[in-house]
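Let me begin by presenting the structure, written as structure tokens, before commenting on it.
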Amino acid sequence: MTDPDLRDPAPRHRDDGGFQEALDRLIHEWDRSNPPEAFPAGPLASLAAIGGLDQFVVLTDEAAVDALADALTAIGGADLSLGRVFEGHVNAVQLVHTYGDDAQRAALHRHLAAGRCFGVWNTDHADGVRLVTHERSGLRLAGAKSFATGGGHIDRALITARRDDGIKQLVLVDIGATPDRADNRGWRVRGMKGTVSGRFDFEDVALAPDALIGGPGDYEREPMFTAGAWRFACVQQGAAQALLRHWRDHLVQTGKRDDPVQRLRFGHSVAATRSAAQWVRRAAKAAEARTADAIPLVLMTRGIVEDAALATMEGAARAVGTASFFEDSRIDRITRDLGLYLRQPVPDQARDRAAAAWIDHDHWGERGWW
Ligand SMILES: Cc1cc2nc3c(=O)[nH]c(=O)nc-3n(C[C@H](O)[C@H](O)[C@H](O)COP(=O)(O)OP(=O)(O)OC[C@H]3O[C@@H](n4cnc5c(N)ncnc54)[C@H](O)[C@@H]3O)c2cc1C
């Protein structure tokens, strides 16, 4: 039976002006205090209400890339857990739009118009998730996912499941009615508690015929797979910028600004964080334009953001002192959340791959490279 919320098939389109203003108002509200360390259901609903969940399905031009980067940065600065949920949603809907067929794209727009939230779950628990074909009952899933952000809260999970030949297949699963399959008891972490990124059990889930999105191996198809990491780097960058702002407020409010040692330390972090912001924007444009240099640029951008964020976390703690470790401090909260969120896959390998690519390909003679 058709969900009554899904009857309106009209796709919604990007509307920069009104959305950006509405988002700015929400960010201002969220940023005033530390949000609860639980799944951000309220803020997510507010984001859906202003059209945030269906704004970025297709990035038509550079202005659209900037608009998404602005949103990721702003949300990351206000609430990193919400930033992670939002980034996962954008990743999922772009994947469905890119690899889905016409009918799957139409369904996607119906779900988005109804305010549904999506996520991408690739990280496997134990042996991971497998596609199993039963003679009588058709296609089913077996296994579980870990780091399943939003499990028990979001509506649709785009997951990777292994076929018999070992290749990963994207599968879109309606999980809205089965929150009890989420097990977040193990998600006992110092930061990012609100993402509730625990385990999700897919054992014996029956799949609708249209559940398979794209073909085998599409999830890891380049450059989208690696270059898409600019989005999480952008969310991290937003948190580092927010940290810097709270650090500055402290220097102003306490009179510490008159100390040259405080200014020197602050200046170092401003330089590192602003430089990282420029890497992120450049990487975003390259990734979305699918330029030849996009993958190494994004890989190195992850490292640049990580370095700037770590320096800013350490600098803010030294500048503010013990007050930055109290529970009601925004600096404490952002530092705990960012500390964990910086732990994205194979960070050392990412920098190494970037350097190797730049040694391998001669970009040095091209003025445009700089
Ligand atoms: C808050 C949060 C939310 C998340 N949400 C999701 C989600 O919704 N969906 C999802 O799919 N995933 C999610 N993840 C998982 C995430 O994408 C990464 O997979 C995970 O954070 C990486 O974990 P790790 O640091 O343990 O592993 P690794 O990336 O493996 O890194 C650990 C360390 O080992 C090193 N290392 C790794 N391999 C090698 C090697 N072969 N040789 C030498 N050194 C090596 C790395 O460089 C690093 O120093 C989430 C993670 C977090 C923190």
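Tabulated values for the structure
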| read-out | value |
| --- | --- |
| Boolean, L244 is under 30 Å from A354 (Cα atoms) and outside the structural domain of T73 (by TED's automatic domain parsing) | yes |
| Among (1) within 14 Å of the ligand (Cβ to nearest atom); (2) within 23 Å of H89 (Cβ to Cβ), the one test that R221 misses | (1) |
| Positions within the stretch 111-138 being more than 20 Å from the chain's Cα centre (by Cα), surrounded by fewer than 17 Cβ atoms within 10 Å (Cβ to Cβ) and part of a loop (DSSP other than H, G, I, E, B), in sequence order | E135, R136, S137 |
| Pick from the stretch 315-348, criterion of a type in the set (D, E) and in contact with a helix residue (DSSP H, G or I) (Cβ under 9 Å, 6 or more places away or on another chain), ranking: farthest from the ligand (Cβ to nearest atom) | E327 |
| Test: residue in the stretch 275-298 that is out of contact with any His (no Cβ under 9 Å at 6 or more places or on another chain), modelled with pLDDT under 95 and of a type in the set (S, T, N, Q) | yes |
| Pairs with Cβ under 9 Å, 6+ apart, first in the stretch 200-223 and of a type in the set (A, V, I, L, M), second in a loop (DSSP other than H, G, I, E, B) and surrounded by 14 or more Cβ atoms within 10 Å (Cβ to Cβ) | V205/I175; V205/T178; I213/G100 |
| Positions within the stretch 112-138 being within 11 Å of the ligand (Cβ to nearest atom) and closer than 25 Å to A49 by Cα, in sequence order | F118, G119, V120, W121 |
| Residues (among the small types (G, A, S), assigned to a strand (DSSP E or B) and within 15 Å of the ligand (Cβ to nearest atom)) located in the stretch 139-153 | G143, A144, S146, A148 |
| Residue that is nearest to the ligand (Cβ to nearest atom), among those in the stretch 176-207 that are of a type in the set (A, V, I, L, M) and closer than 17 Å to D124 by Cα | V196 |
| From A292, A271, A311, residue being surrounded by fewer than 21 Cβ atoms within 10 Å (Cβ to Cβ), under 30 Å from A38 (Cα atoms) and away from the ligand (no atom under 14 Å from the Cβ) | A311 |
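So that you can scan it fast, the table gives a plain yes or no per residue for (1) in contact with an Asp or Glu (Cβ under 6 Å, 6 or more places away or on another chain); (2) closer than 16 Å to A142 by Cβ:
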residue	(1), (2)
D164	no, yes
L172	no, no
A182	no, no
W187	no, no
G194	yes, no
R199	yes, yes
L212	no, yes
R231	yes, no
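The values are calculated or read from the model by the stated rules, or taken from the named source; none is laboratory data. The model shown is predicted, which means the values in this text are computed figures rather than measured ones. As a convention, Cβ positions derive from the backbone with ideal geometry for all residues, glycine included, and neighbour counts pool all protein chains shown.
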